[in-house]
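Coordinate-derived values only; no laboratory data. The structure presented is a predicted model; accordingly, all values stated were derived computationally and were not measured. We place every Cβ from the backbone using ideal geometry, glycine too, and count neighbours over all the protein chains shown.
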Amino acid sequence: MFCKNCNTQLPDNATFCKNCGARVTPEAATAAPQPAQQPAQPMGTVSQPQGMTMPPNGQLGLQGGYYQQPQSRSSTAKIVAITLGVVAVLGLGIMAVHNSSSANDVPQPTQTEPAEKSTDKPSVDAPQAGVLSLKHKDRKLINNETNELILMLKDAQITMDAAGHPQLCLLYTNQMSKGFSSIELSVRALDQAGEPMKSPVTGRDFQSVEAKQLVPPGGSTTASDIIPLAELPKAEKYKVTFRCINFQDYDFLMFKGSSKPTVLVE
């Protein structure tokens, strides 16, 4: 038998059309299809040969082939609606990402620190707790006999080592035309009244030291050049006296009497 809705050939015991889903009425099941008179075919159309039936779920295509029958309008509408929904969601996501990246591209205000003022004078470190140093820095040591500049003393600092013993650091620049090999010093620890304190090790009120530092002409010492003063006690003031400067050519400059340069570290 055939479906009255889409004219699809169906089994005799079918209740619904497998093509369009229409219910097959008993009348449709009992009534035998009557051959209808074929209307006149317009020119250019293909007529179905006698004794042949159309293949199920198919329509005549080009070159005698068959193609799948188009889906119903309701299914097509659902597919179109789903496609539009997916496109809309993707569009919203792309817009959100674009807005986020645009917000990140906005230049943020930055803070700049003012440039430090340049100076031709050597920098002097700020006083540190527990560090004794010169009150008047950048001292010139001059040979009184020749009036020649020997060295420029930037600072003299005294700190305490891990054992609690004082240690001296002379920061200076060699102003002579030949290099230094060592400097001989005499250091005294002073009490609050300015009087020398005796050494708990030797019993003397001073310690003689020789700082062996190779300083070429124009060269300078650094904070790592430490002179131990383990014989002296801990004090609030120290007096450093220059006794002799030894040069790399085995010459030396001896300071005598009242001409010995002296600095106070406090």
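Listed by chain and number, the lysines whose C-alpha is less than 17 Å from the C-alpha of residue 234, apart from same-chain residues fewer than 8 away, are 198.
Residue ranges 193-199, 138-144 sort as 138-144, 193-199 when ordered by packing (mean number of other C-beta atoms within 10 Å per residue, highest first). Straight-line reach only, C-alpha to C-alpha below 17 angstrom: list the lysines that residue 137 could link to, leaving out same-chain residues fewer than 8 apart. In chain and number order, the partners are 121, 154, 237, 239. Would you list, by chain and number, the lysines whose Cα falls below 19 Å from the Cα of residue 178, excluding same-chain residues fewer than 8 positions away? Counting by Cα, and skipping residues close in sequence, residue 178 has these lysines nearby: 140, 212. Ordering of 227-236, 248-257, 155-164 by packing is 227-236, 155-164, 248-257, highest average first (other Cβ atoms within 10 Å, averaged per residue). Placing unit charges on each Cβ (+1 for Lys and Arg, -1 for Asp and Glu) gives the range 140-266 a dipole about its Cα centre, and among 230, 143, 168 the Cα reaching farthest toward its positive end belongs to 143.
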